[in-house]
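Peer 1: Mind having a look at this structure? Questions to follow.
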Amino acid sequence: MEKRFSTNINIRNKRAGFEFELLDKYVAGMVLTGSEIKSIKEGKVNLQDGYCYFKNGELFVKGMTISPYTQGSHYNHEAGRERKLLLKRSELRKLEGKVEEKGLTLVPVRLFISDRGLAKLEIALARGKKLHDKRDSIKERDIKREMSRIKY
């Protein structure tokens with residue numbers, strides 16, 4: 001019998017590392033509905049266009065798509081709704097100050113299920129890369145690939 005829900009979910013936003021220079025990472029909890037957690041356990045999440053923003057001192061993630069649960073009824077969730085992130089108040093204040101003053105942004109990097117079965121979102125404080133920085137990262141990646149080929 002095939003299991004519908006996976007226990008080791010680890011969904012990454014690969015584009016974030018290419019588009020942004022990741023400075024600092026935080027792990028935040030998420031406020032979800034029942035059908036959302038079921039879709040996450042099926043692995044039907046897209047983090048590519050997601051970003052985080054502050055509203056009234058609270059942190060929200062927007063643009064993260066969790067596909068509707070296939071077995072869900074009319075109580076199913078909206079795929080692109082904004083979701084509240086849960087962090088300690090001291091971390092929220094620190095992040096809000098950095099985002100406002102330095103022109104940095106918060107991007108979702110990874111979504112995973114913790115040991116206790118809770119969905120966690122790893123977010124990163126990031127600075128946008130310029131075109132020449134992207135070229136440098138492509139060059140570094142190619143060099144690493146060539147070096148690993150030479151070793152074997």
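The values are calculated or read from the model by the stated rules, or taken from the named source; none is laboratory data. This is a predicted model, so every value here is computed, not measured. Don't worry about glycine lacking a Cβ; one is built from the backbone with ideal geometry, like all the others, and counts go over all protein chains shown.
Peer 1: If you take the residues of the range 4-51 that are aliphatic (A, V, I, L, M) and part of a loop (DSSP other than H, G, I, E, B), which of them is surrounded by the fewest Cβ atoms within 10 Å (Cβ to Cβ)?
Peer 2: Within the range 4-51, the match that is surrounded by the fewest Cβ atoms within 10 Å (Cβ to Cβ) is V31.
Peer 1: Filter the range 75-121 down to the residues that are among the small types (G, A, S) and either surrounded by fewer than 18 Cβ atoms within 10 Å (Cβ to Cβ) or in contact with a Ser or Thr (Cβ under 7 Å, 6 or more places away or on another chain) (or both) and list them by number. Even if it seems obvious, please write down each step before you answer.
Peer 2: Quick first cut of the range 75-121, residues among the small types (G, A, S) only: 79-80, 90, 97, 103, 114, 117, 119.
Matches in the range 75-121: A79, G80, S90, G97, G103, S114, G117.
Peer 1: Can you list the strands (runs of 3 or more DSSP E) lying wholly within the range 68-136 that have 1 or more residues being without any contact (Cβ under 8 Å) to a residue 60 or more places away in the chain?
Peer 2: 83-86, 105-113
Peer 1: Which residue pairs have Cβ atoms closer than 6 Å, lie 6 or more positions apart in sequence or on different chains, and pair a first residue in the range 34-54 that is of a type in the set (D, E, K, R) with a second residue that is buried (at least 23 other Cβ atoms within 10 Å of the Cβ)?
Peer 2: Pairs found: E36/I66.
Peer 1: Among the residues of the range 52-63, are any of a type in the set (A, V, I, L, M), surrounded by 13 or more Cβ atoms within 10 Å (Cβ to Cβ), at pLDDT 85 or above and outside any loop (DSSP other than H, G, I, E, B)?
Peer 2: yes
Peer 1: On to the next question. Kindly provide the set of residues from the range 123-139 that are surrounded by fewer than 16 Cβ atoms within 10 Å (Cβ to Cβ) and touching a strand residue (DSSP E or B) at 6+ places or on another chain (Cβ under 8 Å), ordered by number.
Peer 2: R127, G128, D133
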